[in-house]
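Please read the structure below before turning to the comments.
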Amino acid sequence: MNKAVTEGLILMPPPFAEGLQNWSSGNGTPGTPSYDGAANAAFVPSDPDFGGCLELLKNQATQRLRWFGQTPILPGLFLRVSVRIKALSGALPTVRIAGFAANDSGGAAGGVQTTGPETTLQTYGDVVTVSAIIGTGPRGGVDMNWAGVAYGHLGIDLTGPNGGVVRIDDVQIEDVTSFWLRDLMDWVDVRDHGAVGDGVTNDRQSFINAAQEALATRRSLLVSDGTYFIGANLTIEAPVRFQGTLVMDMDTRLQLSHSFDFPTYAAAFGNEDMGFRKGVQALFFFTNHVDFDLKGRRVRVESPVDVSALTGLTAFAQRRRIVNGQIDLVSGPAWAETTINAQATYNTGNATRLDNVASITNVPVGARISGTGVGREVYVKSRSVSANRVILSKPLFGGSGTRTYSFRKFQHILDFSGFQTLDRFEVADVEFLCKGEASAISLPTEGAIFQAKGCTFNRPFPKGITSTGDGCQGMLVDNCQFLSNEMPLPAPQRESIALNSNANDVKLRNNRVVRFAHFAVLGGTGNIISGNHFFQGDTEQNATRTAGIVLTRVNLLTTLSANYVDNCYIELTNEHSANPNWANQFSFGGLTLTGNLFLCSNVAPNFRFFTVKPYGEGHFLQGLQVSGNVFRTLNGWIDRAEGVDTSIAGLRFDRFRNVIWENNAYNGITNPAESPLVLRHNQNSANANWTINTGQKLPFRGWARTVPGFVMEGVPRGSGNEVRTGMPYVLVEDGPQNDRVRMVWPSPTRGRAVVTIRVDAPL
């Protein structure tokens, strides 16, 4: 840096040849005497050492020589004032650089050093250079600290004995800020430590040395222009700024412990895709960071990010997060799904295994399986090529046999399926732009407490979050939005699913899910589903709908509360059972639905908000509570809110236990269900047998199995108006549909009874 060049500052005084009127014998301020015509000063035009110079007789204790010109003093500007001088005769004086330091008003600035180091002339005729450096701060090498000085009148002082004659060459004032430039800058350049930056030479050690200096001097590291090959893992703990870019093999790590964020990694590699991968890679190793922060930036990735392959890890159990940004896939063949068909043998004795798998080398791990006897969301969890064997995420319901199955492998933007175990990984405030070409996240084979929070899954296909194993244990999905790629399609034509799970203890809370085939297919128990709005309507009239939540375990230990179930339904199945017939185990139940809003519009009358679909014979309900919900239809009525899909098997109504269906609100429902059901029966003619019809008001059109109580309103009387005091008894499960109750009196009686009837029986 040279301000005389960059800013046109006038620093250099005129030569003595231009006249001694430019030079003061005082402090250089206006009005002080000049050397023009002075008896002790003369210009010498031709000196053998100096050319033109000033000859001066010292006749004052301090003989001053000052330029009348004002030399500006600026913060960060360093000036070197120098003069060459020789003694000719007489007493030998002492010489020093000196000046008048002026403040903004032109007065003398206080508290500053106005003289430099002194040099005493020793020999006549020897040329001696005297200099001093003026700066605006107490830096090393500064002789005169002129902080707060506006300008100066610069020159020299002669001190010591009088009577000596000296000759003085032209005074030089130079900008020497470049001497301090490196100290003034807040960075250390890797090139100062020998980095070549040709893309071939291994510059790793130069980076290490430069980073160590930057850390020791509390400065940042500058990677200046160039392409730097780094041949092994590199950790930089100092702040770093990239003008140039790095070249590293995929299996070598860059750990930017201080500048750990996506913009820095993208700058490091000059590429968003590579920067993101290298940042995620470093996240799994020691970086003093839990979060890889995208800093609100959009990341464009060109192919699936296989995190296990990227890190070289198959197990990890520390909390890590990717946060705050948008991940956008770049369209291309890398996102294409693969599908193969292969014959395999299934034996219910090995419920999660396929044997004798044809062309097993072509069957990808993580592929979704479909075919006869296969439930929804069953995946290849692992495979053994040597044994021709595939391990499944869930059993198949179709029984033993050899069949042809279809294996369909989807691509995911973030793929964790290579991890055998991954615990406590989180994605927060990230939008996945899937563009209908890929799914968003594939979970590890095993693991616990994966969390997606505040994320948007934009047009994933066919999945938002995929669990191919048990890596969904304790999964938390909170405050996320899932936007389908199939919104324009009629509901039955959609195949995309927001998420699935195979393991237990999933929490889905406060999410918004728009027009998928299903919101969630949940294969585990212990689920809490709360505060979600999932809607799956379309523009069709008299339309059919698909399930919003599919629960595939019979005894669920699950609650749904305060959800908005919009143009879809809750479905209970046991499609993930190798032996779907009831065999003295728990059956459908362990489920609570409270405080939910159920809405549908333009649907066929046979639509149901809650459906049980047994995949085997002999099942029943045990432990189901549906209370405090609102069921409402728009643009038409439906027959009832609940139903049984008997396309494979029905329910055993004679085994219902602990079924509570009460205090729900119905609008647009022809047959509102209730159990306990309270009916008022009017018997207008005396009869010993009162038949009380439940009118299809018991849940699922079930049986009238229990009468926990009844009370007579008014006085029961006989045909002659006589009062009856005999006590009746009741017969349950009466009539051809077992949905009636009969009150039997000792003698013909008429009157009014309020009867409570339940669809279940005591244990």
Task: Inter-label distance for ARG241 and THR119, nm, one decimal - labels placed 7 Å from Cα along Cα-to-Cβ - done: 3.9 nm
TODO: Please give the FRET efficiency for MET487 paired with SER224, using the beta carbon to beta carbon distance and R0 = 60 Å, rounded to the nearest 0.05.
DONE: 0.75
Open item on the list: How big is the dipole moment of the chain about its Cα centre under a simple scheme where the beta carbon of each Lys and Arg is +1, that of each Asp and Glu is -1, and everything else is neutral? Debye, nearest 20, please.
Closed with: 3760 debye
Task: MRE, 222 nm, helices only [DSSP H, n ≥ 4, -39500 (n - 2.57), over the chain, to nearest 500] - done: -1500 deg cm²/dmol
Task: Packing-based exposure ordering (other Cβ within 10 Å, fewest first) of TRP690, TRP335, TRP703 - done: TRP690, TRP335, TRP703
Task: Cleavage-rule hits (trypsin sites (Lys or Arg not before Pro)) in the stretch 119-226: DSSP loop, at most 12 neighbouring Cβ within 10 angstrom - done: ARG218
TODO: Give the Kirkwood hydrodynamic radius (Å, one decimal) of the chain, defined as one over the mean of 1/r across all pairs of different Cα atoms.
DONE: 33.8 Å
Task: Neighbourhood charge, 15 Å Cβ-Cβ cut-off, centred on ARG553 and excluding it, Lys, Arg +1 and Asp, Glu -1 - done: -2
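Rounded to the nearest 5, what % of DSSP beta bridges with both residues in the stretch 236-380 are antiparallel?
Just about 30 percent of them are antiparallel.
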Open item on the list: Please compute the modelled spin-label separation between THR352 and ALA61, points set 7 Å along Cα→Cβ, answer in nm with one decimal.
Closed with: 10.2 nm
- [ ] Within the stretch 307-331, which residues have the backbone N less than 12 Å from the label spot 7 Å out from ASP251 along Cα→beta-carbon, could you tell me?
- [x] 310-313
- [ ] Under 14 Å from the Cβ of ASP273, count the other residues' Cβ atoms, weight Lys and Arg +1, Asp and Glu -1, and hand me the total.
- [x] +1
TODO: Rounded to the nearest 10 degrees, what's the angle between the helix 272-283 long axis and the longest principal axis of the chain, both from Cα atoms, 0 to 90?
DONE: 80 degrees
- [ ] Find the Cα radius of gyration of the stretch 372-418, compare it with 2.2 N^0.38 Å by division, and give the number to two decimals.
- [x] 1.30
- [ ] Mind pulling the angle between the C-alpha long axis of helix 204-216 and the longest principal axis of the chain? Nearest 10 degrees, somewhere in 0 to 90.
- [x] 80 degrees
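Starting from 0.36 nm per residue, how many nanometres of slack lie between ASP273 and ASP36 once their C-alpha separation is accounted for?
Between ASP273 and ASP36, full extension yields 77.9 nm more.
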Open item on the list: For the stretch 637-704, compute the orientation-averaged projected area of the C-alpha convex hull (one quarter of its surface), in nm².
Closed with: 6.5 nm²
Task: Centroid-to-centroid separation of the stretch 351-412 and the stretch 515-532 [C-alpha atoms, Å] - done: 24 Å
Task: Ordering of 671-682, 444-455, 364-375 by packing [mean C-beta count within 10 Å, highest first] - done: 444-455, 364-375, 671-682
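Å³ per residue of the Cα convex hull, for the stretch 484-667?
105 Å³
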Task: Nearest-0.05 FRET efficiency for VAL678 and GLU337, computed from C-beta distance (R0 51 Å) - done: 0.40
Task: Cα convex hull of the stretch 338-409, projected area averaged across orientations, nm² - done: 3.8 nm²
Task: Cα-centre dipole for the stretch 446-602 with unit charges at Cβ (Lys and Arg positive, Asp and Glu negative), debye to 20 - done: 280 debye
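How big is D for the stretch 691-763, in µm² s⁻¹ as a whole number, if Stokes-Einstein is applied with the Kirkwood radius of its Cα pairs at 10 °C and 1.306 mPa s? If you can, show how the numbers build up before the last one.
Numbers: Rh = 13.0 Å.
In µm²/s, the coefficient rounds to 122.
Each value in this text was obtained by applying a stated rule to the coordinates, not by laboratory testing. The structure presented is a predicted model; accordingly, all values stated were derived computationally and were not measured. Here the Cβ is made from the backbone with ideal geometry for all residues, glycine too, and neighbour counts use every protein chain on show.
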